[in-house]
Amino acid sequence: MQGFEPVWRALPAGVFLGASLFLGACGGGGGGDGDNAIDPADADALTQALAVKVSDSQAVLVAGDLPASSEDDAAPVVVPGDEAVDARAGSTVELAVDVTSSDGADLSALFAKVPGAADYFQATLAPGGSKRLPGGKLLTALVVSVTLPQNVRDGRFCFSIKVADSTGLISNLAEVCVDVGEPDDSGAQVVEALQGTWYLACNVGDGESFSGSLEVSGNTITTTESLYLNTDCSGSPVDSYQETLEFAVGAQAQASDGGDAFEIDITNLSEGGTALCLIRVEQSRFLLGCGDESVRATVLENEFTREPESSAKACFNPVLYETGTQVVEQVRRTFREQDPGGPTPVGGIIGQGEFTRTTNTLGPGSFNGRNVVELQFDEVGDASVIYEGEESGTEYVEVDAAAPSLGFAGVQYVSQVRESYDPPILFPFNLQEGESLTYTISFNEVDINEDTGELEESSGTFPLTVTYAGREVVNVAAGAIETCRFEFFVPGGDDGEDDPFTEFLGVGTGLEVLFYETDPATGVETDRDELVGATINGVTVY
């Protein structure tokens, strides 16, 4: 591991927070009072000086008025996140808008106009990025990035915003205003803007890489990192750990790129050192550079970002894997007919019942040479729907809190039935919506022969593709619950047929809300588990 240390453990020594002031503090000084200053009330001059983007799509200017709104109930509906936001000259401000649209009609364009201007901005929207709502609707969170000129005066201007969908329907008009003025340079707003969770993408060193996250609460930072012996943060980390840091924001300063930043001193409580850093915080990211205890950094080297609304990381709950945690779930299991020649029509219910599953986190352990967390479980209830020989046992889960990801490495039932997977069956929470991961798993299983009742062993390999399909609100016995949808696919499963199955994990809880398998030949849902209710450490969550 020569020549390379992960961010937090390396403090004080060089990588770490580097950022731009909340709502964009890049650029120079406030308020543009020179001869060429732009009055925010001059709509045409301001429009020509602004730069507008939506995600990676750069908006272009189009002459004329905004397209007329459609008088159709199926038209998209735009709701601004805030009525007004603060900014300063030379900064980039982010305007959040939520759009509800019909399922099957992707958003195609966003239009934004400063009222009174001769031109308006038009940005092309890429499909996807939506989460499903009950009633056949989609919710899309858009962020409109607006870069202000250095010479704009203090004052207020507004945007009138509409969107179009792929069918040509035009939304209602929504308005968001921007108040331009001098920020409070005391650093208080930097502290406020840093609150919450941030992520560092895969950072590559000399034959190694690391990824991580940090949680900011007040002036305390809790970091989680994982180190990998490769250059793409793939597979199992060789080291994972947490650090606790404290920080103090100082005076405004200028970064090497010429933009404004703030001095920030960061102390590693376990190591005892303090790094002299520079930070620039924006709404959805911050940039950071750190020197040592004697020299303050000027280069903002590292970027930390918020996750998009569709991120799966909200469905990873580290509490579930802390020693002593107890989860109690009430589950309804349903079996459906899949044999066209069976006594029940295909898709008809042939078995249904409920049981209670209690899981206790025992703590760290080892399984097949892997560092895992051991989860002891028991299932009690309708015996007709509890799988024979699988009523109780211990699961072995590989937990990477930094990525984050979960890996199901195996299970040992008290009946001597067991399963092991190498590498584990993964829930990669760092996948973006629509992304997939394909890899080959070696397995070993001991199961009960349905005909003889005897234990029999099998082993082999199989390819697995896991896809993060995005957020989805599902209706189960426990209610309408927002989830992260993971789709798994094994071509040519145990019986030579494709084996697709789908898992829905609850946002904020990480619990399995819904699971089902699908018959690839008929498309019929077969085995199905849905949540009826659940508690975590005695607290009702569903």
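The values are calculated or read from the model by the stated rules, or taken from the named source; none is laboratory data. Because the structure is predicted, anything quoted here is derived from the model rather than measured. Here the Cβ positions follow ideal geometry from the backbone for every residue, glycine too, while neighbour counts run over all protein chains shown.
Do you know which residues across segment 250-275 are within 30 Å of the chain's Cα centre (by Cα) and over 30 Å from GLU309 (Cβ atoms)? Scanning segment 250-275 gives GLU263, ASP265, THR267, ASN268, LEU269, SER270, ALA275.
Out of PHE316, PHE355, I need the residue that is under 26 Å from VAL507 (Cα atoms), out of contact with any Ser or Thr (no Cβ under 9 Å at 6 or more places or on another chain) and not basic (Lys, Arg). Which one?
PHE355
When residues in segment 268-288 are screened for being surrounded by 18 or more Cβ atoms within 10 Å (Cβ to Cβ) and either part of a loop (DSSP other than H, G, I, E, B) or without any contact (Cβ under 8 Å) to a residue 60 or more places away in the chain (or both), 2 of them pass. When GLU293 is tested against (1) surrounded by 24 or more Cβ atoms within 10 Å (Cβ to Cβ); (2) modelled with pLDDT under 90; (3) not small (Gly, Ala, Ser), just one condition goes unmet, and that condition is (1). Taken together, ARG528, ARG471, ARG485 contain a single residue that is within 27 Å of ARG132 (Cβ to Cβ), assigned by TED's automatic domain parsing to the domain that holds THR325 and without any contact (Cβ under 8 Å) to a residue 40 or more places away in the chain, which is ARG485. Restricting segment 120-136 to residues that are more than 20 Å from the chain's Cα centre (by Cα) and crowded, with 17+ Cβ neighbours inside 10 Å leaves a set whose member that is farthest from PRO40 (Cα to Cα) is LEU125.
Total residues in segment 305-334 satisfying the condition of being surrounded by fewer than 17 Cβ atoms within 10 Å (Cβ to Cβ) and within 28 Å of THR526 (Cα to Cα): the figure is 1. Is at least one residue of segment 362-383 modelled with pLDDT of 95 or more and of a type in the set (Ser, Thr, Tyr)? Looking for residues that are modelled with pLDDT of 95 or more and of a type in the set (Ser, Thr, Tyr), one finds none in segment 362-383, hence no.
Screening VAL144 with (1) under 24 Å from ASP65 (Cβ atoms); (2) over 24 Å from the mean Cα position of the chain (by Cα); (3) assigned to a strand (DSSP E or B) gives one miss only, at (2). Looking only at segment 447-479, which residues are in a strand (DSSP E or B) and among the small types (Gly, Ala, Ser)? Within segment 447-479, SER458, SER459, GLY460, ALA469, GLY470, GLY479 meet the criteria. For segment 400-413, indicate whether the set of residues that are of a type in the set (Phe, Trp, Tyr) and either surrounded by 18 or more Cβ atoms within 10 Å (Cβ to Cβ) or farther than 20 Å from THR361 by Cα (or both) is non-empty. The answer is yes, given that some residue of segment 400-413 is of a type in the set (Phe, Trp, Tyr) and either surrounded by 18 or more Cβ atoms within 10 Å (Cβ to Cβ) or farther than 20 Å from THR361 by Cα (or both).
Among the residues making up segment 330-349, those that are free of Cβ contacts under 8 Å to residues at least 24 places away in the same chain and among the small types (Gly, Ala, Ser) are GLY341, GLY342, GLY348.
Considering every residue within segment 376-384, establish whether at least one is farther than 23 Å from GLY538 by Cβ, touching a residue at least 24 places away in the same chain (Cβ under 8 Å) and assigned to a loop (DSSP other than H, G, I, E, B). Yes, segment 376-384 has at least one match. Residues in segment 289-307 that are of a type outside the set (A, V, I, L, M, F, W, C) and without any contact (Cβ under 8 Å) to a residue 60 or more places away in the chain: 3 in all.
Among the conditions (1) buried (at least 19 other Cβ atoms within 10 Å of the Cβ); (2) touching a residue at least 40 places away in the same chain (Cβ under 8 Å), SER160 misses just one, which is (1).
Going by what's in this entry, would GLN432 be described as on the phi > 0 side of the Ramachandran plot and either outside any strand (DSSP E or B) or outside the structural domain of GLU512 (by TED's automatic domain parsing) (or both)? Judged against the criteria, GLN432 is not a match. Restricting attention to segment 401-426, the residues that are under 26 Å from the mean Cα position of the chain (by Cα), in a loop (DSSP other than H, G, I, E, B) and either assigned by TED's automatic domain parsing to the domain that holds PHE210 or polar (S, T, N, Q) (or both) total 0.
For beta carbons closer than 6 Å, sequence separation of 6+ or different chains, a first residue in segment 130-148 that is under 26 Å from PHE159 (Cα atoms) and a second that is in a strand (DSSP E or B) and among the acidic types (Asp, Glu), the qualifying pairs are ALA141/ASP98; VAL143/GLU94; SER145/GLU94. In this structure, VAL299 does not qualify as outside any loop (DSSP other than H, G, I, E, B) and either aliphatic (A, V, I, L, M) or assigned by TED's automatic domain parsing to the domain that holds ALA401 (or both). State all residues of segment 370-403 that are touching a Pro at 6+ places or on another chain (Cβ under 6 Å) and more than 19 Å from ARG418 (Cα to Cα); if no residue qualifies, say none. The answer is ASP400, ALA401. Being out of contact with any His (no Cβ under 8 Å at 6 or more places or on another chain) and in a loop (DSSP other than H, G, I, E, B) is a property that does not hold for GLY250.
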